Amino acid sequence: MAWLTEQQLLTMTPAQIKTYAGTLQTALKIQETVIDNLTELVSTEFATPNSVPPNIAKGQIKLGQDIASVRDTFTAPVLALSYVVGAIAVPPFPAKIGNPFDATFLRNTLIGLQSLLSEEIF
């Protein structure tokens with residue numbers, strides 16, 4: 001999908017922005033599910049003592065790649081929406097993440113989108 005820029009969002013009505021936010025939320029929620037499933041797999045099997053099995057190491061690499069991909073794909077649309085509705089309502093992704101396996105930024109943005117969609121007026 002072609003995501004909208006800040007300038008495009010500024011020409012939209014509040015109802016249109018909410019619809020767009022819902023579309024963005026759906027796409028991010030799908031990515032969150034993929035990341036959560038991989039995190040579950042990696043963390044559950046990581047309990048192996050002494051060494052990290054090759055499949056877990058590969059899973060960890062894939063997890064880091066998936067999180068980076070979400071950041072690369074969604075940073076611009078989330079930032080544009082954040083500018084239009086306010087960073088408090090929809091927090092943009094942080095400029096840097098110290099831990100490549102930390103997807104907290106995604107959950108924070110999803111929480112913001114959910115509250116934006118549940119409000120009458122933003």
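The values are calculated or read from the model by the stated rules, or taken from the named source; none is laboratory data. Everything numeric in this text was worked out from a predicted model, so none of it was measured. Virtual Cβ from ideal backbone geometry, glycine too; neighbours counted across all protein chains shown. In case anyone asks, the SASA skips ligands and DNA or RNA and just uses the protein heavy atoms, side chains included. Shrake-Rupley method; radii C 1.70, N 1.55, O 1.52, S 1.80 Å.
Across region 2-32, which residue is farthest from Leu110 (Cα to Cα) among those that are of a type outside the set (S, T, N, Q) and open to solvent by 80 Å² or more (accessible area, probe 1.4 Å)?
The selected residue is Leu10.
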| request: Determine whether Ala89 is in a loop (DSSP other than H, G, I, E, B), in contact with an Asp or Glu (Cβ under 9 Å, 6 or more places away or on another chain) and surrounded by 13 or more Cβ atoms within 10 Å (Cβ to Cβ). | output: yes
| message | So, Ile56, is that one at pLDDT 85 or above, out of contact with any Cys (no Cβ under 9 Å at 6 or more places or on another chain) and either of a type in the set (Val, Ile, Thr) or surrounded by fewer than 14 Cβ atoms within 10 Å (Cβ to Cβ) (or both) or not? | response | no
| task | Using the structure shown, decide if Lys62 is closer than 15 Å to Leu110 by Cβ and either modelled with pLDDT under 95 or of a type outside the set (Gly, Ala, Ser) (or both). | result | no
